[in-house]
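Structure first, then comments.
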Amino acid sequence: MTEIAPGIHSLGQTMGGHVHAFLLIDDDSLTLIDTLFDTDAHRVLEAIRALGHTSQDLKRIVLTHGHRSHLGGLAALKAASGATVYAHEWEEDIIAGNRKAQPVTLVPMWPLTTYARVYPLQLGLALGIGKHPPCPVDKPLADGDRVGPLEVLHAPGHSPGHLAFWWPERRALFAGDAIATWPVFDAGWSAFNLNERQHRASLDRMAELDAEVLAVGHGEPMREDVAGRVHSLVTTGR
C-alpha cells in the first residue's frame with residue numbers, strides 16, 4: 001500500500017494485469033475504487049486495518065466497470081463492511097452475475113513484444129472465461145453525480161458503462177481502464193476498448209481536467225507531468 005496523495009492509498013497486485021484499487025479517506029470514512037483480483041479481499045482488508053480502521057468504516061465501494069480483475073473482492077468486502085456498492089447502470093447485471101461482460105477481439109495487440117503478457121487476459125474476456133463472485137449493485141451512478149469526495153465521469157469506450165472519478169481538491173483522476181501505465185503508458189489496452197470513438201471522447205474530457213495525480217486500473221499511479229502525459233494520449237496516442 002502506498003499513499004500517492006493525502007488520503008489516497010494505492011493497492012496493487014500482479015494478478016489481473018498489475019491491477020490496482022484505491023482506498024480513499026475523507027472525514028474518517030473510507031471509499032474504495034475497485035476491489036482487486038483476490039476473491040477473499042485480504043489485501044484490501046489488511047490495508048484498512050493498517051490505516052487504523054475497521055471494515056465497518058468502509059462506507060462506499062465504487063466500481064469503474066464490470067471486468068473480472070476489478071471485481072474479485074467485491075462480494076467479500078460487501079459482506080464484511082455492509083458498504084454501499086455503486087456502478088453505472090449498464091454494468092449492474094454484469095456485476096450481479098446475471099450477464100457476461102461483452103467479449104473483446106481475439107486478435108492480439110500490437111506490438112506483440114509489449115502486449116504478450118496482456119494476451120491471457122484478453123483471451124479470457126474474449127471467450128467469457130473467468131468469473132467473479134457476484135454481488136448486486138446498490139445504487140447506480142451517472143455522469144455528474146457525487147459519491148463521497150468524488151465527482152463521477154461517465155467515460156465510455158472501454159465498456160459502455162465505464163466510469164472515471166475526479167477528486168477536485170486533490171487534483172486526482174481515477175481513470176479506470178481508459179488509461180494504462182502497464183506494461184507501458186498507453187490509452188488503455190486497445191484490444192479491450194469496445195468503442196474507439198467514445199474512448200477518444202473520454203480521453204479528451206480527462207485531458208481537460210489537468211490532473212496532478214493519475215490513478216489507473218492496470219499499472220502504477222503517476223505523479224509527474226500528469227497533465228502533459230494525459231494530453232499526449234489525445235494528441236499522439238502515447
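Filtered by the rule that a residue be over 16 Å from the mean Cα position of the chain (by Cα) and part of a loop (DSSP other than H, G, I, E, B), region 51-93 gives LEU51, GLY52, HIS53, THR54, GLY82, ALA83.
Considering only region 44-62, I want to know if a residue exists there that is under 25 Å from LEU127 (Cα atoms) and of a type outside the set (Val, Ile, Thr). Give the steps one after another, and end with the answer.
Taking region 44-62 first, the residues under 25 Å from LEU127 (Cα atoms) are none.
So far as region 44-62 goes, no, none of its residues is under 25 Å from LEU127 (Cα atoms) and of a type outside the set (Val, Ile, Thr).
Without any contact (Cβ under 8 Å) to a residue 12 or more places away in the chain, of a type in the set (Asp, Glu), closer than 28 Å to VAL184 by Cβ and surrounded by fewer than 18 Cβ atoms within 10 Å (Cβ to Cβ) - does that describe any residue in region 3-24? Write out each step before concluding.
In the first step, residues of region 3-24 are kept if they are without any contact (Cβ under 8 Å) to a residue 12 or more places away in the chain; the result is 3, 14.
Now restrict to residues that are of a type in the set (Asp, Glu): 3.
Narrowing the set further to residues that are closer than 28 Å to VAL184 by Cβ leaves 3.
Keeping just the survivors that are surrounded by fewer than 18 Cβ atoms within 10 Å (Cβ to Cβ) gives 3.
Yes, because at least one residue in region 3-24 is without any contact (Cβ under 8 Å) to a residue 12 or more places away in the chain, of a type in the set (Asp, Glu), closer than 28 Å to VAL184 by Cβ and surrounded by fewer than 18 Cβ atoms within 10 Å (Cβ to Cβ).
Looking at LEU203, LEU127, just one residue is modelled with pLDDT under 95, farther than 27 Å from THR84 by Cα and of a type in the set (A, V, I, L, M, F, W, C), and that residue is LEU127. Within region 88-108, can one find any residue that is farther than 16 Å from GLY17 by Cβ, of a type outside the set (D, E, K, R), touching a Gly at 6+ places or on another chain (Cβ under 7 Å) and touching a residue at least 60 places away in the same chain (Cβ under 8 Å)? Looking through region 88-108, at least one residue is farther than 16 Å from GLY17 by Cβ, of a type outside the set (D, E, K, R), touching a Gly at 6+ places or on another chain (Cβ under 7 Å) and touching a residue at least 60 places away in the same chain (Cβ under 8 Å). For the condition over 20 Å from ALA180 (Cβ atoms), basic (Lys, Arg) and not in a loop (DSSP other than H, G, I, E, B), ARG99 does not qualify. When region 1-42 is filtered for residues that are of a type outside the set (A, V, I, L, M, F, W, C) and more than 20 Å from GLY130 (Cβ to Cβ), the ones remaining, listed by number, are THR2, GLU3, PRO6, GLY7, HIS9, SER10, ASP26, ASP27, ASP28, SER29, THR31.
Residue check: PRO140 meets all listed conditions (1) in contact with a helix residue (DSSP H, G or I) (Cβ under 6 Å, 6 or more places away or on another chain); (2) closer than 17 Å to GLU220 by Cα; (3) surrounded by fewer than 16 Cβ atoms within 10 Å (Cβ to Cβ) but one, namely (2).
From the set of residues in region 76-105 that are out of contact with any strand residue (DSSP E or B) (no Cβ under 7 Å at 6 or more places or on another chain) and more than 21 Å from HIS162 (Cβ to Cβ), which is surrounded by the fewest Cβ atoms within 10 Å (Cβ to Cβ)?
Here the answer is GLY82.
Here is a check on your reading of the model: is GLY66 farther than 26 Å from VAL104 by Cβ and either touching an Asp or Glu at 6+ places or on another chain (Cβ under 6 Å) or without any contact (Cβ under 8 Å) to a residue 12 or more places away in the chain (or both)? Can you show your working first?
Numbers: farther than 26 Å from VAL104 by Cβ: no; either touching an Asp or Glu at 6+ places or on another chain (Cβ under 6 Å) or without any contact (Cβ under 8 Å) to a residue 12 or more places away in the chain (or both): yes.
So GLY66 fails the test.
For region 119-141, does any single residue satisfy the condition of being under 20 Å from ILE33 (Cα atoms) and of a type in the set (Phe, Trp, Tyr)? So far as region 119-141 goes, no, none of its residues is under 20 Å from ILE33 (Cα atoms) and of a type in the set (Phe, Trp, Tyr).
Given the options ARG197, ARG170, ARG146, name the one that is within 21 Å of LEU11 (Cβ to Cβ), surrounded by fewer than 20 Cβ atoms within 10 Å (Cβ to Cβ) and modelled with pLDDT of 95 or more.
Values: ARG197 fails: within 21 Å of LEU11 (Cβ to Cβ); ARG146 fails: within 21 Å of LEU11 (Cβ to Cβ).
Result: ARG170 is the single residue among ARG197, ARG170, ARG146 that is within 21 Å of LEU11 (Cβ to Cβ), surrounded by fewer than 20 Cβ atoms within 10 Å (Cβ to Cβ) and modelled with pLDDT of 95 or more.
The values are calculated or read from the model by the stated rules, or taken from the named source; none is laboratory data. Computed from a predicted model, the values in this text were never measured in an experiment. We place every Cβ from the backbone using ideal geometry, glycine too, and count neighbours over all the protein chains shown.
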